Every structure is written in structure tokens, then in C-alpha cells.
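The values are calculated or read from the model by the stated rules, or taken from the named source; none is laboratory data. It should be emphasised that the depicted structure is a prediction, and the values quoted were computed from it without experimental measurement. FYI the Cβ positions are ideal-geometry reconstructions off the backbone, even for glycines, and counts take in every protein chain you see.
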Amino acid sequence: MTRGTPRKAAAARAGPEFDFLRACARTVLDPAATERLLALTNGPIRWPYLADLASRHGLVPLLHRHIADFPAPPAPEAFREDLDARVQEIARRNLSATRELIEIVRRLEARGIPAIPFKGPLLALSVYGNLALREFADLDILARQSDVRAASQVLVEMGYRPECGLSELDEANHFSTECEIDFFSTEDPERQVEIHWALGRRYHCLPVDLQGLWERARTVSLGGTRVPDLAPEDLLLVLAAHGTKHCWERLGWICDVAELLRAREGLDWSTIFRSARASGGGRALLLGLVLAANLLGAPLPRRVESAARADPTVSRVATRIRRRLASGCAPSPGLLGRFRDHLEILGPTRDRLRYILGILFAPRPADRAALPLPSRLRFLYPALRPALLAARHLPRLANRRCNRPVGEELPEVAKAERNA
């Protein structure tokens, strides 16, 4: 078997299911998407595989919606019953998580801690128009770095525990190299809250103007309670930052961008581009917009289309991501693929150099866990980081299997790559 065979075989396995899911990745079917779905249902569809694909990409609710609304149900009854059960569980979890988010915001406000929830239920309601139409697994809250310790204490009092306990020294290191702290509920292990003080590590150069984000924040009603929310322009930048950081591994993240563009026609593009360029994240923004337009038919202003056409790097990376998503491989690009995508999307040479140095020498929590050092020797972590990185990833890279079906990538590899 040649080196290219697994990838080609995987691509052949992808078949029409990805196209079916892509046509369903919108709240309202346009005529072109409807025609595409009708054509696809005339051919063979592997319905269990389609359900798993939708789950992997966070699109089960939208698939269910359009299957249910189809003039003549093309799917087997067992498939539709399975989707019904999945959607009911998603709706239950989303409603429970929304109640929890409201309570967290209330407690933070009572302590005088400014915080802005983002994505999650607010995105589902403001962009999809229905809490049950967008699947989300965790609750994201932005706080100022000076307030993170106090916000963390509120979560601990509510029965959450941090993913890893941090000493005072570890906490200082964490703030300097990371952008969030993860908390898990002791009552519901599946519920996760992430307190962010930034949207990416310092060397990522993502298209987010944090100061402007705080200044432009507004309040909206969530379950009858007024809560802070991002302005639509900042929400677009945050979605582009999140997707680029994770190499757009899920079609659902691209759908978020496409639906925002459809729901908010009057976006202030001058503010959007100014913020993205000021942070060095202009290409990251363009990448998300190009993917939304090319894969899901999202409308783009002419100036955006012109900017994308003028940058061949964005087109090249977008094409690579599209092929990855449509292949039968798990769409994670792998450690080296992630490094290549990030490096190409960065702008000036100084940003690329900062990224490389950050990857190689900025200590991560996994480094400190793998090799605990006494406080007097912790200055050695940057020098030890390349060796720790190699020891952690080389065996896993050797064991990767590109011919695994979607959703069956090695979980420890995927998690390790994201935490590299």
C-alpha cells in the first residue's frame, strides 16, 4: 500500500453524506440547497454515517430540522427516530446550560465582576433564532485578567472545580502563556465553564481587539434576564478567531459564521477590518469568511470578496481545509498540519517568528505536569520545552491512522494537539 492510499480511500468513502450535511448547514433552505438535497436522496445515502458525521460537526439539530421538513421523508424511520432522540437530548442540555449561565452571570454581577458570556446560548438565540438549533458543549465567559481569580472563586462556590489546581506561581505562569481556565461541574461532569481573559495565546495573532470588544459590548435578554453580549462585529471576529485557532475542524463553526452573515446584513465592516488588522489577524478573518461563502453560500460584500481574491494564501488554506472536511479522515489536521495552517495565516515575518518561538519555548501546563520542577528550577521550562514537546508527540504522531472514519480519530492525539 502506498503512502497516499489511505487518504485516497478515505476521500472515496466520504461520498454524498458530506454534501448532504453541507446543504443542511443553514437555518433556512434556499432553492439551491433544496434542489441539492433532492438530487442526493435519489442516490445511496449511508444514514448511520450521516448521523455520526452530523454529530462530529455539531450539526445534528439542523440536519434533524431539514429531514423533518422534507416533503417526502427520504430517511429510514430508525434514522429519524435516532435523530429525534438526539435532538431532544441536545435541547434538554442546552436549556439546562442556559439556566446555569444566567445564574453564573447573576453571581458575578453580585460580586461586582464584569463578565461577557459569548457563543453558547447567546449565539444560538441571536443568530439561529432558536436555543435548540445550535449544539454547544461548554459555557464561555470573558473576564478581565485582574478579575479571573475572583470569578474562579465564584465558580468554586457553585460546585465547579478547575481542571488543574494552580499554585500561586503556576497561576502567574498560566496567565502569561494561556488564555483561559477550564472548570468542570462536580454535579454534572459533562458541564464545562471556561473563563477567558483572552481569545488566544499571545503568539496566535488572532483578529480580536479586546479593549474595543469590552467598549462595544451591550446587554440583551436571556431567559428574561439582562446579560452582557458581544456586538455583532465582535462576535464575527471571535468566531473567526476560534475557528482559525482550531483549524476549522468542524463544519458547524463555519455555519456559525455563515448564519451570522445572513442574520446581520448591516455589519460595520470598517470596524471589523480595522480591528482585525490592528491585531494582526486580517487573514484569519478572511479565512473564516471565505470558508463560509465557498462551503455554505454565505453572502459577502464586494470589498471582502476583493480582499480574499487578492490574497492567494487565504485561498490555498481554505482549499486545504475544505478537502480535509470533505475527506473520510477525521478532519483534525494533526500537529504538523495545525502548525502549517497557523503559520501560513499569519501576516508579517515577525508574527510568524513569534508564533514559532511561542510553540517551541513557551511552557504549557502539560509540560509542568509531565516534569514537575521545584520552584527554584522552573526557569528551565523554556529550555526543556522542545524536548518535552517531542517526547509527548512523536509516539502519537507515529500512531496516527488517516484512514479512520470521522469521529474515530485517536482522542488522546486530538486533545494533545490542541494543548500543544
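Taking the listed residues 293, 284, 276, the one that is crowded, with 22+ Cβ neighbours inside 10 Å, modelled with pLDDT of 90 or more and outside any loop (DSSP other than H, G, I, E, B) is 284, with no other qualifying. Could you please let me know if residue 234 is under 26 Å from residue 317 (Cα atoms), in contact with a Ser or Thr (Cβ under 6 Å, 6 or more places away or on another chain) and not aliphatic (A, V, I, L, M)? Spelling it out, it is not the case that residue 234 is under 26 Å from residue 317 (Cα atoms), in contact with a Ser or Thr (Cβ under 6 Å, 6 or more places away or on another chain) and not aliphatic (A, V, I, L, M).
Here residue 111 does not fit the description of being under 20 Å from residue 251 (Cβ atoms) and surrounded by fewer than 19 Cβ atoms within 10 Å (Cβ to Cβ). Starting from residues that are surrounded by fewer than 21 Cβ atoms within 10 Å (Cβ to Cβ) and farther than 19 Å from residue 233 by Cα, keep the ones in segment 198-213 and report whichever is modelled with the highest pLDDT. That would be 201.
If the requirement is being touching a strand residue (DSSP E or B) at 6+ places or on another chain (Cβ under 7 Å), touching a residue at least 40 places away in the same chain (Cβ under 8 Å) and within 30 Å of residue 193 (Cα to Cα), which of these qualifies: 108, 53? Going through 108, 53 in turn, just one is touching a strand residue (DSSP E or B) at 6+ places or on another chain (Cβ under 7 Å), touching a residue at least 40 places away in the same chain (Cβ under 8 Å) and within 30 Å of residue 193 (Cα to Cα): 108. If you check 193, 238 for being touching a residue at least 60 places away in the same chain (Cβ under 8 Å) and not in a helix (DSSP H, G or I), only one passes: 193.
Scan segment 255-264 and tell me whether some residue there is part of a loop (DSSP other than H, G, I, E, B), more than 25 Å from residue 343 (Cα to Cα) and in the same structural domain as residue 302 (by TED's automatic domain parsing). Yes; the residues of segment 255-264 include at least one that is part of a loop (DSSP other than H, G, I, E, B), more than 25 Å from residue 343 (Cα to Cα) and in the same structural domain as residue 302 (by TED's automatic domain parsing). Of the residues in segment 299-312, at least one is exposed (fewer than 15 other Cβ atoms within 10 Å of the Cβ), modelled with pLDDT of 90 or more and over 24 Å from residue 233 (Cβ atoms). Among the residues making up segment 352-374, those that are at pLDDT 85 or above, within 30 Å of residue 278 (Cβ to Cβ) and part of a helix (DSSP H, G or I) are 352, 353, 354, 355, 356, 357, 358, 359, 360, 361. Residues in segment 114-146 that are surrounded by fewer than 19 Cβ atoms within 10 Å (Cβ to Cβ) and assigned to a helix (DSSP H, G or I): 4 in all. Among the residues of segment 45-85, those that are over 23 Å from residue 295 (Cβ atoms) and either of a type in the set (D, E, K, R) or at pLDDT 90 or above (or both) comprise 48, 77, 78, 79, 80, 81, 82, 84, 85. Any residue in segment 384-395 that is over 12 Å from residue 362 (Cβ atoms) and surrounded by fewer than 12 Cβ atoms within 10 Å (Cβ to Cβ) sitting within a Cβ distance under 6 Å of a residue that is of a type in the set (Ser, Thr, Tyr) and modelled with pLDDT under 90? List the pairs, counting only those 6 or more apart or interchain. Here the result reads none, with nothing in segment 384-395 linked to a residue that is of a type in the set (Ser, Thr, Tyr) and modelled with pLDDT under 90. Residues in segment 338-379 that are closer than 18 Å to residue 313 by Cβ and in contact with a helix residue (DSSP H, G or I) (Cβ under 8 Å, 6 or more places away or on another chain): 338, 339, 341, 342, 343, 344, 345, 346, 347, 352, 355, 356.
One residue stands out among those in segment 178-197 that are under 15 Å from the mean Cα position of the chain (by Cα) and within 14 Å of residue 238 (Cα to Cα): the one that is modelled with the highest pLDDT, which is 196.
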